[in-house]
Amino acid sequence: MAAKDGTYSADLLQVVRGFLMGGADIIPGVSGGTVALILGIYERLVRAISRVDGTLFGLIRHGEWKQAVHYLDLRFLVTLGIGIGLGIISLAGLMHYLLLEQRTFTLAAFYGLIAASSWLVALMVDRWRFLEWFFLIAGGAFAFWLVGLPLLHTPPDNSGYLFFCGAVAICAMILPGISGAFILLLLGKYVEITGLIKGVLHGEVSTSILMTIGIFALGCLTGLLTFSKLLKWLLTHYSSVTMATLCGFMIGSLRKLFPFQKDLTPEITELKHKIYINQNFAEINVQTELIPAIFIAILAAAFVIMLSWLSKTKVDPEIIEESPS
């Protein structure tokens, strides 16, 4: 039986969902938004984030705390956020090892995950007309182009650019198929930001570091609150076209997850500094690489389909849609 919302079992379920999203978010090329879609909580997540608005502040101003918590869907956001944090912290080391030492099979697993996810998202489109097919192809082409861009190695070093990076990366993070971590890599700020955060966790704190992280975080917050409102509007008024576009993003992003990649920097041990290029099929060993990779991708795809089926046994609660009276 599905757990009822507001119970501890439902809270645990949200933590687990967040854990899976956090694990995905730390991998350049994989989006936590994709996982949210698979798990059936994407629209609820976008709706909840978009409710940081005048209605919420009005409820708080009048001391209507219970209604404010319900309007924001705070319990859902907090438990999901805890899971995301746990996933990022606990899986970072494992993912670093897998992407360095077992890169082909790890990417094959994610390839299967994203491929199956894109199929599931396609099923969410109410009907396929010319417009849906157009935005599917356009979204796919855009994502395919985006993930193939060269990284920016000498980015601007100013507060405005840092704010911009935060805003764009967080928008990408909630878009299925487009990785926020990869966007930061493209913009040349991934190494700097992750390095600063890692340093703070190890006690390396200074006014300059806190200012840098603060500006980046402010950009993230601004981008998240602004973009979530746009997404909510699109999902409400143009659901089929929006889902078709998101499906295209996911299909196009598969270019980044091509399992067979050649390491051009074997002497470098830091994953964030390594450079890979896709191999030609003639260079792939059929028995030791191709067949196992296909098998792993199929297993991963089957896992996603099963996970999606299981998630549908849980019905999310009705949430206040209008301003409470």
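Those residues that are under 23 Å from L187 (Cα atoms) and either β-branched (V, I, T) or exposed (fewer than 14 other Cβ atoms within 10 Å of the Cβ) (or both), I need them from segment 242-251; list them, please. Matches in segment 242-251: I251 only.
Close contacts from segment 8-33, counting a first residue that is more than 20 Å from K198 (Cα to Cα) and modelled with pLDDT under 75 and a second that is buried (at least 22 other Cβ atoms within 10 Å of the Cβ) and of a type in the set (D, E, K, R), with Cβ to Cβ under 6 Å and a gap of 6+ residues or different chains, come to G29/K256. On the stretch given as segment 97-121, residues that are farther than 9 Å from A297 by Cα and either among the aromatic types (F, W, Y) or surrounded by fewer than 16 Cβ atoms within 10 Å (Cβ to Cβ) (or both) total 5.
Just checking, which of R75, R127 is charged (D, E, K, R), over 16 Å from the mean Cα position of the chain (by Cα) and not in a helix (DSSP H, G or I)? If you could, list the steps in order and put the result at the bottom.
Numbers: R75 fails: not in a helix (DSSP H, G or I).
Just one listed residue meets the conditions, R127.
Checking G33 against (1) more than 26 Å from I305 (Cβ to Cβ); (2) of a type in the set (G, A, S); (3) in a helix (DSSP H, G or I), only one condition comes out false. Which one? So G33 meets the others, but not (1).
Inclusion of Y97 among residues that are more than 15 Å from the chain's Cα centre (by Cα), closer than 30 Å to H202 by Cα and of a type outside the set (A, V, I, L, M) is warranted. Residue count for segment 170-186, restricted to those that are modelled with pLDDT of 80 or more, farther than 17 Å from L235 by Cα and in contact with a Phe, Trp or Tyr (Cβ under 8 Å, 6 or more places away or on another chain): 2.
Condition check: at pLDDT below 90, over 14 Å from Y111 (Cα atoms), surrounded by 12 or more Cβ atoms within 10 Å (Cβ to Cβ) and under 18 Å from the mean Cα position of the chain (by Cα). Does L254 satisfy that? So L254 fails the test. Every residue in segment 257-295 that is modelled with pLDDT of 85 or more, polar (S, T, N, Q) and surrounded by 14 or more Cβ atoms within 10 Å (Cβ to Cβ), please. Selection gives Q261 alone.
If you filter segment 169-220 down to residues that are outside any helix (DSSP H, G or I), touching a helix residue (DSSP H, G or I) at 6+ places or on another chain (Cβ under 7 Å) and β-branched (V, I, T), you find that the one that is surrounded by the most Cβ atoms within 10 Å (Cβ to Cβ) is I178. Put simply, of G58, G22 the only residue that is surrounded by fewer than 17 Cβ atoms within 10 Å (Cβ to Cβ) and either in contact with a strand residue (DSSP E or B) (Cβ under 8 Å, 6 or more places away or on another chain) or in a helix (DSSP H, G or I) (or both) is G58. Applying a threshold of 8 Å to beta carbon distances and a minimum spacing of six or more residues, or different chains, the list of pairs starting in segment 133-161 at a residue that is of a type in the set (S, T, N, Q) and ending at one that is surrounded by 11 or more Cβ atoms within 10 Å (Cβ to Cβ) reads T154/G188; S159/I215.
Where residues in segment 151-165 are part of a loop (DSSP other than H, G, I, E, B) and more than 21 Å from the chain's Cα centre (by Cα), which of them is nearest to L257 (Cα to Cα)? Taking the candidates together, the pick is L152. Taking F130, is it surrounded by fewer than 12 Cβ atoms within 10 Å (Cβ to Cβ) and modelled with pLDDT of 90 or more? Yes; evaluated as a whole, the condition is true for this residue.
Taking segment 296-325 as the search range and keeping residues that are of a type in the set (G, A, S) and under 22 Å from the mean Cα position of the chain (by Cα), which one is modelled with the lowest pLDDT? Once the filter is applied, the top-ranked residue is S311.
Checking the structure you have, find out if any residue of segment 228-241 is closer than 28 Å to G93 by Cβ, touching a residue at least 24 places away in the same chain (Cβ under 8 Å), buried (at least 18 other Cβ atoms within 10 Å of the Cβ) and in contact with a helix residue (DSSP H, G or I) (Cβ under 8 Å, 6 or more places away or on another chain). No; the residues of segment 228-241 include none that is closer than 28 Å to G93 by Cβ, touching a residue at least 24 places away in the same chain (Cβ under 8 Å), buried (at least 18 other Cβ atoms within 10 Å of the Cβ) and in contact with a helix residue (DSSP H, G or I) (Cβ under 8 Å, 6 or more places away or on another chain).
A quick yes/no check of all residues on (1) more than 18 Å from M173 (Cβ to Cβ); (2) in contact (Cβ under 8 Å) with a residue 40 or more places away in the chain:
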residue: G40; (1), (2): yes, yes
residue: V46; (1), (2): no, yes
residue: I49; (1), (2): no, yes
residue: R61; (1), (2): yes, no
residue: Q67; (1), (2): yes, yes
residue: L80; (1), (2): no, yes
residue: I88; (1), (2): no, yes
residue: A109; (1), (2): yes, yes
residue: M124; (1), (2): yes, yes
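The values are calculated or read from the model by the stated rules, or taken from the named source; none is laboratory data. Keep in mind that what you see is a predicted model, and the values were worked out from it rather than measured. So basically every Cβ, Gly included, is an ideal-geometry build from the backbone, and we count neighbours across all protein chains shown.
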